[in-house]
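Asker: Questions regarding the structure given below will be posed in turn.
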Amino acid sequence: MKITTKINLLITSWLLVILLLVNAIVFFFFMKTTVNMEENVLFQKAHELLDKNKIPKSLTLNQVTLQSYMSSHSFIRIVGPDSKIITEVNNYKLLDRIQPKFTKHEESELLPFSEHQNLVVRVPIHLNHQVIGTLEIGELLTGLEGRKDLLLAIMATVTGISVILSLLAGRWLSNFIMNPIKSMISTMEDIEQSGVPKKILIQNETKDELQKMATTFNRMIEKLQENIDKQRQFISDASHELKTPLTVISSFANLLRRRGIKDEEIAKEAIESIYSEANRMQDLTKTLLNLAESEHLEGIEKQPINLVALCTTILNQLQKVYKREINLVEDGSTPFIKGNELKIKQVIIIFLDNAIKYSTDKIDVFVESNQGMAVLRIKDYGIGIREEELENIFERFYRVDKARSRETGGTGLGLSIAKNIVKLHNGEIKIQSKENVGTEIIISFPLAKI
Ligand SMILES: Nc1ncnc2c1ncn2[C@@H]1O[C@H](COP(=O)(O)OP(=O)(O)OP(=O)(O)O)[C@@H](O)[C@H]1O
Ligand SMILES: [Mg+2]
């Protein structure tokens, strides 16, 4: 069943239940008050009759007198202590069915027969402080019948109209709710068929949950599109990066093919270039694999790592290889973090490698703990990064100075890899840099609970 039909049926049935309940209550009170009113009229009539006419001990009364208290479809009778009728006037034969009854207390009775309501009231007749008989006045409630039928007709009509209106309103309401959802479904189907992300058209600014749903969907599509674009850019950048060494290799190989190895000078140069470009390609593919891997490290094994000890080892190794002054400054807190040692080592090397490549002076490394975080700061006094470049350097393949990077041999992937790994360890990277002054990288990780 469609959701619109469901909403419609649910609202209408609920309304119907409420209406029937209200109708029943109204009907009940209407009947009760009307019968009460009729009862009061009959009691009044009985008392008037008894007050104005002295009933003898024989309980006989002039028929003409009684007739003057009659209305159409009624009877008046005087009943003796043995419940036998002594005097009676009756102009509606059916009322004969009501049994006479002697009673010492006032009472009334509602008797339904032949589809009509009949009311009878009984009032005791006193003589010398003794009850000698009962005056009974009975009446067919014709007025009540008419009013009851009218009330039922009104109620049926109102209920019918309400149900129709509710069905119409329910349809309008469910269409109102469902139209944006329908449009979303059709957009999603379009996306499914064409494979192209597409936004939902938001026609009016309703600021409701549906609009929120549509805007959230659109934001999601925007992100998806962004990711697809990034992916495309990545493939195009990666192929471009691979194309450059391949072109060099292919042209030198061609040179060797044409000129042969007779010209030893050229042959040597060609072989050297082919070798170095092939190495470059090898490095690049390794880095690319590394990057791909860094994006899927969720289930990686983590253990407590002593940051000071790890930095000391790395610094000793790098100092030997690069013959550069790298100082380790620690605040004595010996912070431990929880992580994968190999990956954390890779992050530190990526930043130190940059510091070494993009500066010639000394490099300072600080290890501290601050507000529940282990903080690692790598500070160089080199070329620095212009402020407008700072947001780009974490992009894959992004290098500020492409020509210089070719000399230094970078691929522009280091920071992307580092960012992925730090994010996986719930860490954060901040950069402070000034052109020709230097760069400070601040990496913080949550302290491990040991
Ligand atoms: N300490 C630094 N000082 C100045 N520029 C820097 C520094 N660190 C990064 N950069 C700039 O950011 C760019 C991106 O750095 P990233 O480490 O991602 O790539 P890369 O060093 O060029 O190559 P690799 O993939 O080999 O690390 C660098 O090319 C450089 O322009
Ligand atoms: Mg680098």
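Since every read-out is calculated from the coordinates, none of them should be taken as a lab result. Please read these numbers as outputs of a predicted model, since none were measured by experiment. So basically every Cβ, Gly included, is an ideal-geometry build from the backbone, and we count neighbours across all protein chains shown.
Asker: How far is helix 142-194 tilted off the main Cα axis of the chain, in degrees rounded to 10, range 0 to 90?
Answerer: Taking the Cα atoms of the chain, the angle to 142-194 is about 10 degrees.
Asker: Also, quick follow-up: Given the options Ile274, Ala253, Leu291, identify the residue whose Cα lies farthest towards the positive end of the charge dipole of region 251-308 (+1 on Cβ of Lys, Arg; -1 on Cβ of Asp, Glu).
Answerer: Ranked along the dipole, the leading option is Ala253.
Asker: Too long at a 26 Å Cα-Cα cut-off: which of Lys286/Lys345; Lys230/Lys362; Lys243/Lys362; Lys338/Lys379; Lys286/Lys343? Don't skip to the end; give the middle numbers.
Answerer: Working: Lys286/Lys345 17 Å; Lys230/Lys362 36 Å; Lys243/Lys362 36 Å; Lys338/Lys379 24 Å; Lys286/Lys343 15 Å.
Over 26 Å Cα-Cα: Lys230/Lys362; Lys243/Lys362.
Asker: Write down, largest first, the equivalent ellipsoid semi-axes of region 247-292 in whole Å, where each equals the square root of 5 times an eigenvalue of the alpha-carbon gyration tensor.
Answerer: Values: eigenvalues 156, 17, 5 Å².
Equivalent-ellipsoid dimensions as semi-axes: 28, 9, 5 Å.
Asker: Report the one residue of Asn436, Leu61, Ile228 whose Cα lies farthest in the direction of the positive end of the charge dipole of the chain (charges on C-beta: Lys and Arg +1, Asp and Glu -1; origin at the Cα centre).
Answerer: Leu61
Asker: On to the next question. Can you compute 3J(HN,Hα) from phi for each residue in region 296-304, using the Karplus curve 6.51 cos²θ - 1.76 cosθ + 1.60 with θ = phi - 60°, rounded to whole Hz and x for Gly and Pro?
Answerer: 10, 10, 3, x, 5, 6, 10, 9, x
Asker: Starting from the amide H of Leu127, placed 1.01 Å from N in the peptide plane, find each other amide H under 5 Å away whose residue is 5 or more places distant or on another chain.
Answerer: Distant-sequence amide H within range of Leu127: Ile132.
Asker: Here's a follow-up. Choose one of His240, Val367, Leu415: the residue whose Cα lies farthest towards the positive end of the charge dipole of the chain (beta-carbon charges +1 Lys, Arg; -1 Asp, Glu; about the Cα centre).
Answerer: Among His240, Val367, Leu415, the one farthest towards the positive end of the dipole of the chain is His240.
Asker: Which ³J(HN,Hα) values in Hz, rounded to whole numbers, follow from the phi angles of region 254-261 under the Karplus curve 6.51 cos²θ - 1.76 cosθ + 1.60, where θ = phi - 60° and Gly and Pro get x?
Answerer: Along region 254-261, the couplings run 4, 4, 4, 5, 6, 8, x, 9 Hz.
Asker: Then there's this: Tell me whether region 275-337 comes out rounded, prolate or oblate; compute the Cα gyration tensor, take square roots of the eigenvalues as a ≥ b ≥ c, and use a/c under 1.5 as the rounded threshold.
Answerer: Numbers: a/c = 4.19, a/b = 1.32, b/c = 3.18.
Oblate.
Asker: Ok, one more. Hey, what's the Kirkwood Rh for region 299-446 if you take every pair of different alpha carbons, in angstrom? Before the final figure, lay out the partial values.
Answerer: On the way: mean 1/r = 0.0641 Å⁻¹.
That comes to 15.6 Å for region 299-446.
Asker: Would you list the P(r) distribution for region 1-127, with all Cα-Cα distances sorted into 5 Å bins from 0 and each bin expressed as a whole %?
Answerer: Pairs per bin, as whole percents: 2, 8, 15, 18, 15, 8, 6, 5, 5, 4, 4, 4, 3, 2, 1, 0, 0.
Asker: Give me, ordered by chain and number, the residues 5 or more places off Gly339 or on other chains with an amide H under 5 Å from its own placed amide H.
Answerer: So Gly339 has HN proximity to Gln303, Ile305.
Asker: Which value in deg cm²/dmol, rounded to the nearest 500, describes the helix-derived mean residue ellipticity at 222 nm for the chain, given -39,500 (n - 2.57) per DSSP H run of n ≥ 4 and division by the residue count? Walk me through the numbers on the way to the answer.
Answerer: Working: 9 runs with 241 residues, N = 450.
Helix contribution divided over all residues of the chain: -19000 deg cm²/dmol.
Asker: Given N residues in the chain, what is its alpha carbon radius of gyration divided by 2.2 N^0.38 Å? It would help to have the intermediate numbers written out before the result.
Answerer: Numbers: Rg = 51.1 Å, N = 450, 2.2 N^0.38 = 22.4 Å.
So the chain has a normalised radius of gyration of 2.28.
Asker: Sticking with this structure for a sec: Work out the length of the dipole vector of region 209-293 about its Cα centre, built from +1 on the beta-carbon of each Lys and Arg and -1 on the beta-carbon of each Asp and Glu, and round it to the nearest 20 debye. Walk me through the numbers on the way to the answer.
Answerer: Details: 13 positive and 14 negative charges, 52 e Å.
The dipole magnitude comes to about 240 debye.
Asker: What does the charge dipole of the chain about its Cα centre add up to, to the nearest 20 debye, if the Cβ of each Lys and Arg holds +1 and the Cβ of each Asp and Glu holds -1? Numbers along the way, then the final one.
Answerer: Numbers: 56 positive and 56 negative charges, 106 e Å.
Computed about the Cα centre, the dipole is about 500 debye.
Asker: Let me ask another. Which cross-chain or sequence-distant (5 or more) residues have an amide H under 5 Å from the amide H of Met373, H modelled 1.01 Å from N in plane?
Answerer: Distant-sequence amide H within range of Met373: Leu447.
Asker: Tell me, what HN-Hα J-couplings in whole Hz come from the Karplus equation 6.51 cos²θ - 1.76 cosθ + 1.60 at θ = phi - 60° for each residue of region 435-449, using x for Gly and Pro?
Answerer: These are the phi-based 3J(HN,Hα) values: 4, 6, 10, x, 10, 10, 9, 10, 10, 10, 10, x, 5, 7, 8 Hz.
Asker: What percent of all Cα-Cα pairs in region 209-293 falls in each 10 Å bin, counting up from 0?
Answerer: Answer for region 209-293: a P(r) of 15, 27, 20, 15, 10, 7, 4, 1 percent.
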